[in-house]
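Chemist: Have a look at this one.
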Amino acid sequence: MASNRRGVGLSAFSNAAISSDQYARHGQQLRTSHADALANQLSVFQAALHNFSLTHAKDIRSNPTFRAEFARMCNAIGVDPLAGSNVKGASASGGKAGSVWAKMLGSSVNDFYFELAVRVVEVCRETRSENGGMIAISEVQKRITKGRAGVVGGGMEVTEDDIMRAIESLEPLGGMFKTQTLGGSKFIRSVPKELNPDQSTVLEVIQVLGYVTVSMMQANLAWERARAIAVIDDLVADSLVWVDSQGEETEFWSPASMHEGG
Amino acid sequence: MAATSPESSLSSFSTTAYTPSTTAYTPSTTTQAISSSGFNFPTYTSFPPFYTLQPNLTTRTHQLELWSTLISSYCAYYRIFRLSLSSLPTDLFSNANIHRSLKPGDVRTVLDHMSKPENGPRIDWIPSTTRNEQSSSCYVYWKTPGEWADALHGWVDETGQKGTVLTVYELREGDAVRSKEWRDMDEGMLRKVLNVLVKRGKAQIFGQEENAGVKFF
C-alpha cells in the first residue's frame, strides 16, 4: 500500500519534513492498532495454552520430542516453562508475566522436571564411587532412560536438553551440580571440589585420547615429570581416573568410557 | 567326588578361541556354550583398568562389586557350581582382545570379597585337604544354599514325593530333574543344600556317598 502511494504521487512528497511527519503519525497509528491486536491475540493464546497444557500433560511427561517443541515455543515467546519453580524465573520475561505463564502451563511441566532432577541426583550419587563425581551427560541420559534397577517401567524417556534444564532448576539449592565440558563432551560435577586447570587439562586429554600416561603428558603438554605425576596422583586420589598397570607404561583412564557401547 | 560335567565344559572354554568385542559376544565355532549366542559380557570387561586392582580404595570397592556381579552372572549362565583356581575359565578373568587379565592374586582378592557374609556370601571357600594350605577352590552361590533348598523342597512337594526316599544320584542326575536348575550340581554343594533342609527339619539323610538316600518331609 505504501509503495503504491510512493509510485503514484512521489512528487507530492518532495518536502522531506512534511513526509517524515506524516510517516511518523502513521507509524504511531499502526503501532497502537498492532499492540491492541497483539494483546487480544495473546489473551486468546493464553487460554489456549492453558487448556493445551491440561489436556496434554501426559504427553509432556512421556514424549521428549513434544517436550522439546513445547520448550522451544515457550522460549520463542519469552517464557520460562519452569518459572514457577525457581526464584530466578520470577523476574524473567517481564516479572509478573513469567509467573502467570508458569501457573497456566501447569504443574505437569514442573513436576516432570522435578522428578527428572531427583533422578539425576540419584544417578550421580550411585555412580560416585565409580567416577569420583564427574559423569558424562550422555551416561546420565542412558541410565535414566533405562530406569531404576528392579522397577518395571521405571525409565523416563529424556533427552540431554531435558537433563540440562532439570539441573538448572536445581540452582536455588546451592549449586551442588555444575556442568563442565571436557574434550567436547558435557559432564555433570556433583562433588564440591572443583578441578584446577591442570586437572581439567588432563581429563580433557583423556576424554580425547581415551587414556594418558606420564610420558604422554610430558610430550604433549610440555610438563615436567614431577608436575605430571602430581596431577595424576590428585586425580587418582579423587577417584576421577582408573589405573591400568598392564601396559608398557602405567595408563590412566577415564571411567566415562567404561559403559560405552553397551 | 566332584561332579565331572561342569569341569569338562570348563576345560572346553579354556581352549576355545574367544575374541570378545566391545559390543557383542561373537561365539567361536568350537564352543560348547549352552545357547548359541553365549554369555553377554558387559561393556566394562573391555575396559583395561578393570583387570588392575585399583589403588584408590573407593574405586576398588566399586571394582570388586563389578567383578562379583560378573562372576555370579557368568556362573549362573553356564551353571558353574564350583571354581578351581588352577583351572579358571579364561574368558571370565581375561580379555584376549585387549591383552589384559586379572592376576591370580587379585582373583583371590575378588573371591575373598565375595566370601564375606556381608557380601552374600556369593562364594564359599572349600577347605583344602592339606593342612595349613590355602583353599584353592570354592562353591559359587549364584543362588544361595537357602534358595536351592527352597527350590529342591518345592519340587519334591509339587511332585508328591514327600515321604519317599530319593538317592543323591537321582536328585543330581535323575531323569526327573533333567529340566531342573540344580541338575548336575557339584555333590559337595548339594550336601550343603540338603543339610539346610535337615536343619529346617524338612529332610533326613541315610547312608553314604552316592548311595545316600534322602527322605523329605
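The values are calculated or read from the model by the stated rules, or taken from the named source; none is laboratory data. Note that the structure is predicted; figures quoted are calculated from it, not measured. Cβ placement follows ideal geometry from the backbone for every residue including glycine, while neighbour counts extend to all protein chains displayed.
Chemist: Check segment B:174-186 and report whether any residue there is modelled with pLDDT of 90 or more and closer than 30 Å to B:Y51 by Cα.
Modeler: Yes, because at least one residue in segment B:174-186 is modelled with pLDDT of 90 or more and closer than 30 Å to B:Y51 by Cα.
Chemist: Could you look through segment A:239-251, keep only residues that are of a type in the set (D, E, K, R) and in a strand (DSSP E or B), and pick out the one that is nearest to the other protein chains (Cβ to nearest Cβ)? Even if it seems obvious, please write down each step before you answer.
Modeler: First, pick out the residues of segment A:239-251 that are of a type in the set (D, E, K, R): A:244, A:248-249, A:251.
Retained after the next criterion (residues that are in a strand (DSSP E or B)): A:244, A:251.
Numbers: A:D244: 4, A:E251: 7 Å.
By that ranking, first place goes to A:D244.
Chemist: Output the residues belonging to segment A:199-238 that are over 19 Å from A:A256 (Cβ atoms), of a type outside the set (A, V, I, L, M, F, W, C) and assigned to a helix (DSSP H, G or I). Show your work before the answer.
Modeler: Pass one, segment A:199-238, residues over 19 Å from A:A256 (Cβ atoms): A:214-215, A:218-230, A:233.
Then keep just the ones that are of a type outside the set (A, V, I, L, M, F, W, C); that gives A:215, A:218, A:220, A:224-225, A:227, A:233.
Passing the criteria: A:S215, A:Q218, A:N220, A:R225, A:R227, A:D233.
Chemist: Of these, B:K162, B:K202, B:K215, which one is surrounded by 17 or more Cβ atoms within 10 Å (Cβ to Cβ) and modelled with pLDDT under 95? Give the steps one after another, and end with the answer.
Modeler: On the way: B:K162 fails: surrounded by 17 or more Cβ atoms within 10 Å (Cβ to Cβ); B:K215 fails: surrounded by 17 or more Cβ atoms within 10 Å (Cβ to Cβ).
One residue alone meets the criteria, B:K202.
Chemist: Pull out all pairs, ordered by first then second residue, where Cβ-Cβ is under 9 Å, the residues are six or more apart or on different chains, the first lies in segment B:151-164 and is assigned by TED's automatic domain parsing to the domain that holds B:A203, and the second is assigned to a helix (DSSP H, G or I) and of a type in the set (F, W, Y).
Modeler: Cβ pairs passing all conditions: B:Q161/B:W155.
Chemist: What's the total number of residues in segment A:166-186 that are of a type in the set (D, E) and crowded, with 16+ Cβ neighbours inside 10 Å? Can you show your working first?
Modeler: Applying the first criterion (of a type in the set (D, E)) to segment A:166-186 yields A:168, A:171.
Narrowing further to those that are crowded, with 16+ Cβ neighbours inside 10 Å: A:168.
Counting residues in segment A:166-186 that are of a type in the set (D, E) and crowded, with 16+ Cβ neighbours inside 10 Å gives 1.
Yes/no per residue for (1) modelled with pLDDT under 60; (2) farther than 30 Å from A:L173 by Cβ; (3) among the acidic types (D, E):
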residue	(1), (2), (3)
A:D21	no, yes, yes
A:A24	no, yes, no
A:T32	no, yes, no
A:H50	no, no, no
A:F66	no, no, no
A:M73	no, no, no
A:L82	no, no, no
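Chemist: So, one more: Given A:V236, A:V231, A:V214, which one is at the interface with another protein chain (Cβ under 10 Å from one of its Cβ atoms), modelled with pLDDT of 95 or more and surrounded by 15 or more Cβ atoms within 10 Å (Cβ to Cβ)?
Modeler: The unique qualifying residue is A:V236.
Chemist: Which condition number in (1) more than 28 Å from A:R119 (Cα to Cα); (2) of a type in the set (V, I, T); (3) within 12 Å of chain B (Cβ to nearest Cβ) is the one that A:I206 fails?
Modeler: For A:I206, the exception is condition (1).
Chemist: Would a scan of segment A:133-150 turn up a residue that is within 13 Å of chain B (Cβ to nearest Cβ), modelled with pLDDT under 80 and more than 25 Å from A:M73 (Cα to Cα)?
Modeler: Yes, segment A:133-150 contains a residue that is within 13 Å of chain B (Cβ to nearest Cβ), modelled with pLDDT under 80 and more than 25 Å from A:M73 (Cα to Cα).
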